[in-house]
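No value in this document is a laboratory result; all are computed from the given coordinates. Because the structure is a prediction, the values reported are computed rather than measured. Reconstructed Cβ throughout: ideal geometry from the backbone, glycine too, with neighbour counts over all protein chains shown.
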Amino acid sequence: MAQTAEIHQVQPRGRQPRGAGIIEFLHLPVLQQTLGADGVIQSETISVTDTTTKEAIKAWLRDYDLPVSGTRAELLARLRNYSNNRAGWVSIFQVKKKRTRGSASGSGACRPSAKRARAVFGDEEPVAGYQTKRDAQSVEVPKSATEISTSTALVNKFLSLPFSRAGGQPIAGSSSLSGEVETSVNGLEMHALAGSPIQGEIVYRRLHRQMKQQELNILGAIQNLQPLAPSTSRYMPAVATAEIPNMAVVQALQEPIPSASPENSSANDSELLSVENTHTAILGDEEFHYSPSMVPDVPAVQFASDLGQLFREWHSSERLQVNGRGIPIKYWPEFYKKRKGVKEHAWAAIRNQWTNWKFIAEERDHLGSDEVFWAKWRDSKGVALNYTAILNGLKAEREAANKNAKAKALQFFNEDLNSEDAGNLFKYEKSGQTHLGESDRFIARRWSTLLKSSDAAAKWAEMESHVSDAC
């Protein structure tokens, strides 16, 4: 428990008692003091009268991060309890606890901020776990003289075999146990007299370490269903399994491990088809198969200050990696839309932002180059427009194009979109009833669909030619 040294001040921190009817004195810790190694906490005395207002009591409570809800009597009781509980005064020196995100429900779950939080961090706040810095201490068991002699004899037999380098040429002196023997384990060259117990023990330990590590790498690759990088282990000759333990691992190391290539790194179709719950994304003319568990959260990125980067990453980007493959920004909806069933709330959080990127990127592609784009989107002084101004300009162009398309549709059907010739082209159903569309955007979309028909397009071209001839 922290010690306290009280400093009595009837009028602390500039607070003056209102009225002469003093009820009680309360001792509170002095704010902005430094806690020393002795643990002494200085205190001050405040006076509470019958005329002390509720707001004054709230101000004291706020100074010590205490709740300020309730009646005046409840607030005064809360302040009195804090004054009497001197063991709790140490809380003013402690860091405020981190706020935890609770579960959102009701109308709060529908707010844009809540949707963004779920899209980035998930439905529940993750619980972080940390391992200890040190593992359990291992006690080395000394080997007996018999074990040492057996290991030495085993290594001597192993070294007497004809080793060869990568080129197939034998190592000098490897066929005899007499003289100096050169060996290489894990890329370390060692020179020692053949038959030396020290040399044999070192080689045996390093060889065993290499074999154990390669065995773990192979097992890890099988579990992760991912190919390993090319093995760097040297060639090891075939030896009778009765002479060297773990020979199955040695024989497995002699076979080359397939390396990862661009063709198979993005997951083989035949392999993925055998995996349950495989999804397919349409990337242009390609069908890309993937597992939903391989799709990460939406990358956090902004292009408002660098549209040139948006132009590049719209068609080729590495920000989103699925199966080790970079996904261009224009194909992100294939992985994040709700109907894809991968990230349920992700698309609602980025839909508007991605749509704005789409408008700007398609405008640049339509114009053909960055230079032409910026030549168009400049103000009267030649200064490039900002992100928001460009979006507003594109919106105005779309609205004008929709009005123009609506005027053409009315001209084509003699100002009657409800005519028999129009049929149900400009109609839609809602709540079991049929309605005639009226908005410029709706009519423009249906008009664009109609012009995809060769007959309608030819008829409209003929009508336009007659109008131009009349002019």
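List of remarks:
- Whether the stretch 387-470 is rounded, prolate or oblate, judged on the alpha carbon gyration tensor where a/c under 1.5 counts as rounded: oblate
- Evaluated with a Cβ-only charge set (Lys, Arg +1; Asp, Glu -1), the stretch 321-471 carries a dipole of roughly 1020 debye about its Cα centre, given to the nearest 20.
- Under 5 Å, built H, 5+ apart or other chain: amide partners of E44: I7, L28, V30
- Ranked K452, K358, criterion: other C-beta atoms within 10 Å, fewest first: K452, K358
- Residues whose amide H lies under 5 Å from that of V322, counting only those 5 or more places away or on a different chain, are I327; hydrogens are built 1.01 Å from N in the peptide plane.
- V322, V372 arranged by Cβ crowding within 10 Å, fewest neighbours leading: V372, V322
- The value of relative contact order for the stretch 264-376, using C-alpha pairs under 8 Å at least six residues apart, is 19 percent.
- Close Lys pairs in the stretch 333-394, defined as Cα atoms under 22 Å apart and 8 or more places apart or on different chains, number 5.
- Here the stretch 264-376 is assigned +1 on the Cβ of each Lys and Arg and -1 on the Cβ of each Asp and Glu. Its dipole about the Cα centre then comes out at about 460 debye.
- Stretching A304 away from S431 to a fully extended chain increases their span by 41.6 nm, per 0.36 nm per residue minus the current alpha-carbon distance.
- Amide H contacts under 5 Å for L283, placed H, 5+ residues apart: F288
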